[in-house]
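Comments concern the structure below.
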Amino acid sequence: MRIDSKFPNIGTTIFTVMSQLAAEHGAVNLGQGFPDFDCDPRLIDAVERAMRSGHNQYPPMAGVVALREAIAQKVEAMYGRRYDVASEITVTAGATQAIHTALAAIVHPGDEVIVFEPVYDSYEPCIRMHGGTCVYARLAFPDYRPNWDAVRQLVTPKTRAIIINTPHNPTATKWSRADLDALDALVRDTDIVVISDEVYEHMVYDGQAHQSVSAHPSLAERAFVISSFGKTYHVTGWKVAYCLAPRELMAEFRKAHQFVVFTVNTPAQIGIAEYMRFGTHRELPGCYQAKRDYFLDVVRDTPLRWLPSPSTYFVSAQYGHIPAFAEMDEASFARYLTTKVGVACIPISAFYHDAHDQRVVRFCFAKKEETLARAAERLQQLNSP
Ligand code: PMP
Ligand code: GLN
């Protein structure tokens, strides 16, 4: 049988590629973003209790009501906007599904969707799967600030949505209130929908605050806002996240959601709802800021040049000034680090449609100190490659 591929240009995600390579070569995996430490045992207990109490059948399509209530309370406490539990909150199978479903709900064939490069790798394939075209704005190295005049030039009558991601993967930058105001000015008086990927909302350091679209009254009126319990509670493998949107947008979202997954596993939802009472998301900045500082301390004597990391659990490094590697593109350097030095990372060029290369690679510091120390020790080899 001949398969006429719908997606001849879609390869395997860089996170899988680098994790596989790391496993094959016994490298310390600082590539794919996930913690190597366990979650709070109280969370496991709560999920186990839910399973043992017989909560093992379908929950409501939009998610367990207690979880939606807990989400509504947290969001209101943090950002001041009250989302309606019945009609404006949907629990999803990870943020990946939420992004896919939001795009499924709104993108018509021929529509354009603006994204900011470097861009998280799932957005563009999803836009294309729904017949849309991806339009690229650029966050320019080294500070990766949006250029709002340039973004304005990209808006056309076909622009259906703009996807934003703050705090930002892979650059660890975050947007200010002024950025949200600039975005608001750009979309006001249009029918452009904003999809705001805020999965790193609780990972902002140095006393700074996350600027959520849900805290911006006029943007929130036209936005899907997405967050992920995988990130917040160190359980990326559970794939539980949520989407917030005003009633009319959420009604369209649910039309797609009900036929993509229908709903998300019950005991995890009940356990998370119960666990949210402890408010441990407030501990995240302290926990991850300490890991960032520890990592930057132990890699200080390597020749890599580290970029700032005010948010997320990623930090990027430049290597182009090291004579032995100046001519090596990012994909080759990431491969070299993984297979020869024993530390896996992610080439930032994987987040550009044209493999734009700045000699920068990304490391994930959501790891135990011993893991970070082992990686740092291996990275010392770069001093005499
Ligand atoms: N968006 C961004 C920016 C991410 O970094 C990730 C995952 N790491 C996701 C979405 C997907 O989140 P989830 O694992 O909940 O699907
Ligand atoms: N978002 C994670 C990262 O950036 C990986 C998630 C995935 O593997 N799809 O590393």
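How many Å² of accessible area per residue for the chain, probe 1.4 Å?
Ligands and nucleic acids excluded, the figure is 42 Å² per residue.
Return the FRET efficiency for the residue pair SER332, ALA290: r is the Cβ-Cβ distance, R0 is 25 Å, and the value is rounded to the nearest 0.05.
After rounding to 0.05, the efficiency reads 0.15.
For PHE262 and PHE7, compute 0.36 nm times the residue count separating them, minus their Cα-Cα distance, and round to one decimal in nm.
Answer, rounded to one decimal: 89.3 nm.
Give the carbon-plus-sulfur fraction of the accessible surface of the chain in %, rounded to a whole number; probe 1.4 Å, heavy atoms of protein chains only.
Roughly 51 percent, rounded to a whole number.
Given labels modelled 7 Å from the Cα in the Cβ direction, how far is it in nm from ASP301 to ASP143?
A separation of 3.4 nm, rounded to one decimal place.
Work out, step by step, the length gained on full extension between GLU69 and PHE37: first 0.36 nm times the residue separation, then minus their alpha carbon distance; give nm to one decimal.
8.7 nm
If you count the DSSP beta bridges with both ends in the range 172-274, what percent of them are antiparallel, to the nearest 5?
50 percent
What FRET efficiency would be calculated for the residue pair SER218, LYS255, taking the C-beta separation as r and a Förster radius of 25 Å, to the nearest 0.05?
E(calc), rounded to 0.05, equals 0.50.
Classify the range 46-182 as rounded, prolate or oblate from the Cα gyration tensor: take a ≥ b ≥ c as the square roots of its eigenvalues, call it rounded if a/c is under 1.5, otherwise prolate when a/b beats b/c and oblate if not.
The shape class here is prolate.
Can you tell me what share of the DSSP beta bridges in the chain is antiparallel? A percent to the nearest 5 is fine.
The antiparallel fraction comes to roughly 50 percent.
Do the alpha carbons of any pairs in LYS6/LYS239; LYS174/LYS367; LYS6/LYS255; LYS174/LYS231; LYS291/LYS340 sit beyond 19 Å of each other, and which pairs?
Going by Cα-Cα distance, LYS6/LYS239; LYS174/LYS367; LYS6/LYS255; LYS291/LYS340 fall outside the 19 Å limit.
So what J values fall out for the range 221-226 if you push phi through Karplus, 6.51 cos²θ - 1.76 cosθ + 1.60 with θ = phi - 60°, rounded to Hz, Gly and Pro as x?
In residue order, the calculated couplings are 5, 10, 10, 8, 10, 10 Hz.
Please state the shape class of the range 144-301: rounded when a/c is under 1.5, otherwise prolate if a/b exceeds b/c and oblate if not, all from the C-alpha gyration tensor.
Since a/c reaches 1.5 but b/c is at least a/b, the shape of the range 144-301 is classed as oblate.
Using a 1.4 Å probe on the protein heavy atoms only, what accessible surface does TRP238 show? Give it in Å² to the nearest 10.
80 Å²
Which value, in debye to the nearest 20, gives the size of the charge dipole of the chain about its Cα centre, when Lys and Arg are +1 and Asp and Glu are -1 at the Cβ?
440 debye
I need the shape label for the range 44-89. Rule: rounded when a/c is under 1.5, else prolate if a/b > b/c, else oblate, with a, b, c from the alpha carbon gyration tensor.
oblate
Taking a label point 7 Å from the Cα of ASP354 along the Cα→Cβ vector, which residues of the range 121-165 have an amide N closer than 13 Å to it?
Output list for this probe position: 136-139.
Would you pull out the residues with amide H under 5 Å of VAL343's amide H, same chain only if 5 or more places away, H placed 1.01 Å from N?
VAL28, THR338
The values are calculated or read from the model by the stated rules, or taken from the named source; none is laboratory data. All figures in this text were calculated on a predicted structure; none of them were measured in a lab. Glycine gets a Cβ as well: all are built from the backbone with ideal geometry, and neighbour counts include every protein chain shown. Just the protein is used for accessible areas: all its heavy atoms, side chains included, with ligands, DNA and RNA removed. Shrake-Rupley method; radii C 1.70, N 1.55, O 1.52, S 1.80 Å.
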